[in-house]
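Notes follow the structure.
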Amino acid sequence: MPGSGKSTAAEWLAGKLGWTYVDTDIIIQFNTGKSIAEIFEEEGEEAYRVHEKCALLQTFDMQDVVVATGGGTPCWFDNMEQMNAAGLTIWLQCNPEELGRRMRQDNAVRPLFTGLNERELSLKLYEMQEQRGFFYTQSKLVMASGWSLVDLYSVVNQLLS
C-alpha cells in the first residue's frame with residue numbers, strides 16, 4: 001500500500017544484503033523522461049500501468065536486487081504471478097490509519113491521492129486495501145503490522161539462507 005515503507009525498506013534491505021536497490025518508478029521515469037505525476041496527468045492510470053509492467057519486466061533479468069514496486073503493481077495484468085515466479089515477494093502490511101498518518105507527514109507526490117482531505121484519504125486507503133488485499137495475500141511473505149526493518153532483514157536473511 002502507499003505509505004507502507006516499500007521504498008525505504010527495499011533500499012535499507014538491499015544495503016544490508018549487499019544487493020542493488022531498484023525502484024520501478026525510477027525505471028519508469030528513466031524510460032519515459034516523465035515524472036509519475038506527469039504520466040498520470042497526461043496519459044492516465046492505465047497508461048501508467050503499462051509503463052509499470054515494462055519496468056517490472058526489466059527487473060526480472062537482474063540478479064541480487066531488491067525491487068520496490070508501486071502499491072498497485074501486484075494488482076494489474078499477471079504481475080503478482082510473475083513476481084512470485086521471479087523471487088521473494090513481500091507484503092509490508094500496515095493499517096490504513098498508519099498509512100494515512102505517514103502520507104500526511106511526507107511530501108511525496110501521489111497522483112491517486114491528489115486533492116483529498118484527511119477523511120477522503122482515510123476512506124480511499126480503506127477502499128484500496130479492500131480491493132488490493134486479494135493480490136497482496138498472494139505474497140510469499142507477509143510482514144504483519146508493527147514490523148521493523150530489523151524484523152524484515154532477519155526473516156529475509158533466514159529465507160535466503
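Every number here is computed from the coordinates shown, using simple stated rules; none is lab data. This structure is a prediction, so every number in the text was calculated from the model and none was measured. For neighbour counting, all protein chains shown are included, and Cβ atoms are generated from backbone atoms with ideal geometry for every residue, glycine included.
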Going highest first, how would you order 115-127, 75-87 by mean Cβ packing within 10 Å? 75-87, 115-127
May I ask which residue of 93, 56, 125 lies farthest towards the positive end of the charge dipole of segment 20-161, with charges of +1 (Lys, Arg) and -1 (Asp, Glu) on Cβ and the Cα centre as origin? 93
Per the helix-only model, the chain has a calculated mean residue ellipticity at 222 nm (DSSP H runs of ≥4, -39500 (n - 2.57) each, divided over all residues, rounded to the nearest 500) of -18000 deg cm²/dmol
Counting sequence-distant residues (5 or more places) and residues on other chains, those with an amide H built under 5 Å from that of residue 89 are 140, 141
Check which residues have an amide H placed less than 5 Å from residue 23's amide H, if you skip close sequence neighbours. 68
Would you work out the relative contact order for segment 47-161, in percent, from Cα pairs under 8 angstrom that are 6 or more residues apart? 34
Dipole magnitude of segment 1-65, debye to nearest 20 (Cβ charges: Lys/Arg +1, Asp/Glu -1, about Cα centre): 320
What is the count of Lys pairs in the chain whose alpha carbons sit under 19 Å apart, if the two are 8 or more places apart or on different chains? 5
Report the charge-dipole magnitude of the chain in Debye, nearest 20, computed about the Cα centre from +1 at each Lys and Arg Cβ and -1 at each Asp and Glu Cβ. 420
Quick one: which of 105-113, 61-69, 92-100 comes out on top by average Cβ neighbours within 10 Å, and what's the full order, highest first? 92-100, 61-69, 105-113
Taking only the alpha-carbon atoms of the chain, what semi-axes of the equivalent ellipsoid follow from 5 times the gyration tensor eigenvalues under a square root, in whole Å, largest first? 24, 20, 15
